[in-house]
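Structure record follows, encoded as structure tokens.
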Amino acid sequence: MSRTPIIAANWKMNMGPKEAKDFLAALKNELSCECKAVDKVIVPPFVTIPAVMDTLNGCTCLGVGAQDVSDRDNGAFTGEISTTMLNELGCKYVVVGHSERRQYHGETNAYINRKIKKALAAGITPIYCIGETLAQREAGELETVLSTQVVEGLEGLTPEQVGGLVIAYEPVWAIGTGKTASAADAQAAHAFIRSVVEKTFGAEAAAAVRLQYGGSVKPANAKELMSQPDIDGALVGGAALKADSFAAIIKAAL
Ligand code: 13P
């Protein structure tokens, strides 16, 4: 099965509305709307999403996502953002389970699973982040960690739902450190993740689910990473804050 590559810019806590508008104007100069062979997604901070939508003005060549979502519908949950609100803004994607949220906000697989279910119920595609820490990798726990994150994070989903997901493999030691997993190591982890999806949800779901690599992706390493058979795109942090380097990564996926 051929899977459309998906490149997403996770801006994290960067880029207010004004910077985002400047970024999009610069990106427009770098990319033509015709390059439909790659799904391109911007994931701004919540407060920047309306400015991004205004600037896109209905253009669907860029998808927009949120960086997180509540596992509740509405009510007294200070600081939370619901799927209804994301839908109202026009968000098509939501990042869930990023390692920074696991690390700094204590998010567990069970909690992330509830968010994934909420997003799916609202018609929003989750980008589900998984990945091991350096200590876990060095202790030989890579496969146990990844399979637990896949099985617990996706618990209760149908094979069709899993096939429509994006799973981002982001080794924690590679995020923001300049250290990228070698293409061979990244491919091995992606193949393993796909095998766990196959064992748990069947061959069709495994063939359809898109797996992104994340962790110090930059123009110089994007092509080699994305030419691996089980790597279907990238979730990009630092290198997605500049339009020229984000555009170069998108072009590497073509
Ligand atoms: P960097 O590309 O800055 O390493 O960040 C990766 C990431 O965490 C994307 O979600």
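The values are calculated or read from the model by the stated rules, or taken from the named source; none is laboratory data. All values derive from a computational prediction rather than experimental measurement. Glycine also receives a Cβ, built like all others from the backbone with ideal geometry; neighbour counts cover every protein chain displayed.
Quick rundown of the values:
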quantity: So Y104, is it within 19 Å of A168 (Cα to Cα), within 16 Å of the ligand (Cβ to nearest atom) and touching a Ser or Thr at 6+ places or on another chain (Cβ under 7 Å); calculated: no
quantity: Sole residue being under 20 Å from the mean Cα position of the chain (by Cα), over 20 Å from L241 (Cα atoms), surrounded by 15 or more Cβ atoms within 10 Å (Cβ to Cβ) and not small (G, A, S), chosen from V64, V38, V43, V69; calculated: V69
quantity: Count of residues meeting criterion [in contact (Cβ under 8 Å) with a residue 12 or more places away in the chain, away from the ligand (no atom under 16 Å from the Cβ) and either touching a His at 6+ places or on another chain (Cβ under 7 Å) or not aliphatic (A, V, I, L, M) (or both)] in the range 191-217; calculated: 6
quantity: The listed residue being small (G, A, S) and crowded, with 17+ Cβ neighbours inside 10 Å, out of A207, A203, A239; calculated: A239
quantity: Residue in the range 1-32 that is nearest to the ligand (Cβ to nearest atom), counting only those that are within 19 Å of I175 (Cα to Cα) and surrounded by fewer than 18 Cβ atoms within 10 Å (Cβ to Cβ); calculated: N14
quantity: One residue from A220, A248, A188, A239 being without any contact (Cβ under 8 Å) to a residue 12 or more places away in the chain, within 15 Å of the ligand (Cβ to nearest atom), in a helix (DSSP H, G or I) and of a type in the set (A, V, I, L, M, F, W, C); calculated: A220
quantity: Residue in the range 128-140 that is at pLDDT 95 or above, surrounded by fewer than 19 Cβ atoms within 10 Å (Cβ to Cβ) and farther than 19 Å from G214 by Cα present; calculated: yes
quantity: Among the residues listed as A189, A174, the single one being under 27 Å from E138 (Cβ atoms), at pLDDT below 95 and not hydroxyl-bearing (S, T, Y); calculated: A174
quantity: Evaluation of A234 against (1) part of a helix (DSSP H, G or I); (2) surrounded by 24 or more Cβ atoms within 10 Å (Cβ to Cβ); (3) near the ligand (Cβ under 9 Å from one of its atoms) (one fails), failing number; calculated: (1)
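For every residue, the table says whether it meets (1) more than 21 Å from N10 (Cα to Cα); (2) surrounded by fewer than 17 Cβ atoms within 10 Å (Cβ to Cβ); (3) under 18 Å from the mean Cα position of the chain (by Cα); (4) charged (D, E, K, R).
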position	(1), (2), (3), (4)
E155	yes, yes, no, yes
E160	yes, yes, no, yes
Y169	no, no, yes, no
I175	no, no, yes, no
G178	no, yes, no, no
A181	no, no, yes, no
A184	yes, yes, no, no
H190	no, no, yes, no
